[in-house]
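Scroll down for the structure; my scribbles are underneath it.
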Amino acid sequence: MINTTTKTSQTNELARMARFMSVGALGTILDFGLLTLLKLNGWATLPANSLSFTAGLLNNFTWNRLWTFGDVACASWQRQFPRFVLVSLAGLAFNNLIVLGLEQVISTLTGQDSWAYLPAKVCATGMVVFWNYFANRMWTFKE
C-alpha cells in the first residue's frame, strides 16, 4: 500500500515540474523569438544566442521563484538569484556548445547556413532543460 504522504509528495513534485516546464516554455518562446529577431538583423550566433538566453533566464528566475518554487520557504531572492545565475551560466555554456556544434554540422549536411541554428537550438534546449530543472530543484530552490 502506498503511503498517503508519499503519494501527495509525488503529486506535488509532478505539479512543480509541470509549472517549471510551463515557465520554461514561456522562456523558450522569449529566447527563440529574440534569437530569431537578432539573427534576422544580422547578429552573429554567439552574441545573439547569449542575449536571448539571458532574457529567458531573467524571465525564468522571476516566474520560478514566484510560482514554481513559491512554496519553498527558505532563502531570499538575494541568495537564490546568484545560484540561479550559476546554474544558468552552466546551462548557457552547454547550450552554446551544442548550438554552435550542431549548427556547423547541420549547415554542412544541408548546405544551408541561414537557418541551421534553429534545429540546433531545439536540440540544445531539449538537453539543457534537464540540467536546469534538477540543479535548480536540488540547489537553488532547495527546501
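Hey, any hits in the range 6-17 for a residue that's at pLDDT below 95 and under 14 Å from the mean Cα position of the chain (by Cα)? Outline the logic, then answer.
Here is the first cut: in the range 6-17, the ones at pLDDT below 95 are 6-17.
This time we only want the ones that are under 14 Å from the mean Cα position of the chain (by Cα), so: 17.
Scanning the range 6-17, I find at least one residue that is at pLDDT below 95 and under 14 Å from the mean Cα position of the chain (by Cα), so the answer is yes.
All but one of (1) touching a residue at least 40 places away in the same chain (Cβ under 8 Å); (2) small (Gly, Ala, Ser); (3) farther than 19 Å from Ala135 by Cβ hold for Ala90; which doesn't?
Here Ala90 clears every test but (3).
I need the full set of residues from the range 113-143 which are of a type in the set (Phe, Trp, Tyr), buried (at least 16 other Cβ atoms within 10 Å of the Cβ) and over 10 Å from the mean Cα position of the chain (by Cα), in order please. Spell out the reasoning first.
Our first condition is that a residue be of a type in the set (Phe, Trp, Tyr); within the range 113-143, this holds for 115, 117, 130-131, 133-134, 139, 141.
Applying the additional criterion that residues be buried (at least 16 other Cβ atoms within 10 Å of the Cβ) yields 117, 133, 141.
If the condition is that a residue be of a type in the set (Phe, Trp, Tyr), buried (at least 16 other Cβ atoms within 10 Å of the Cβ) and over 10 Å from the mean Cα position of the chain (by Cα), then Tyr117, Phe141 are the ones that fit.
Is it true that Phe84 is hydrophobic (A, V, I, L, M, F, W, C), in contact with a helix residue (DSSP H, G or I) (Cβ under 9 Å, 6 or more places away or on another chain) and crowded, with 17+ Cβ neighbours inside 10 Å?
Working: hydrophobic (A, V, I, L, M, F, W, C): yes; in contact with a helix residue (DSSP H, G or I) (Cβ under 9 Å, 6 or more places away or on another chain): yes; crowded, with 17+ Cβ neighbours inside 10 Å: yes.
Criteria met by Phe84.
Exactly one condition in (1) at pLDDT below 95; (2) of a type in the set (Gly, Ala, Ser); (3) not in a helix (DSSP H, G or I) is false for Gly56; which is it?
(3)
For the list (1) at pLDDT 90 or above; (2) surrounded by 13 or more Cβ atoms within 10 Å (Cβ to Cβ); (3) part of a helix (DSSP H, G or I), I need the number of the one condition that Trp43 fails.
In the conditions (1) at pLDDT 90 or above; (2) surrounded by 13 or more Cβ atoms within 10 Å (Cβ to Cβ); (3) part of a helix (DSSP H, G or I), Trp43 misses (3) alone.
Note down all Cβ pairs under 8 Å where the first residue falls in the range 52-79 and is farther than 24 Å from Asn95 by Cα, the second is modelled with pLDDT of 90 or more, and they're at least six residues apart or on different chains.
Trp67/Arg19; Trp67/Val23; Trp77/Arg65
Quickly run through the range 53-80 and pick out the residues that are buried (at least 17 other Cβ atoms within 10 Å of the Cβ) and over 22 Å from Leu37 (Cα atoms).
Within the range 53-80, Phe61, Trp63, Asn64, Arg65, Thr68, Phe69, Gln80 qualify.
The values are calculated or read from the model by the stated rules, or taken from the named source; none is laboratory data. Predicted model only: the values in this text are computed from it and were never measured. Cβ sites come from the backbone with ideal geometry, for glycine too, and all protein chains shown count toward neighbours.
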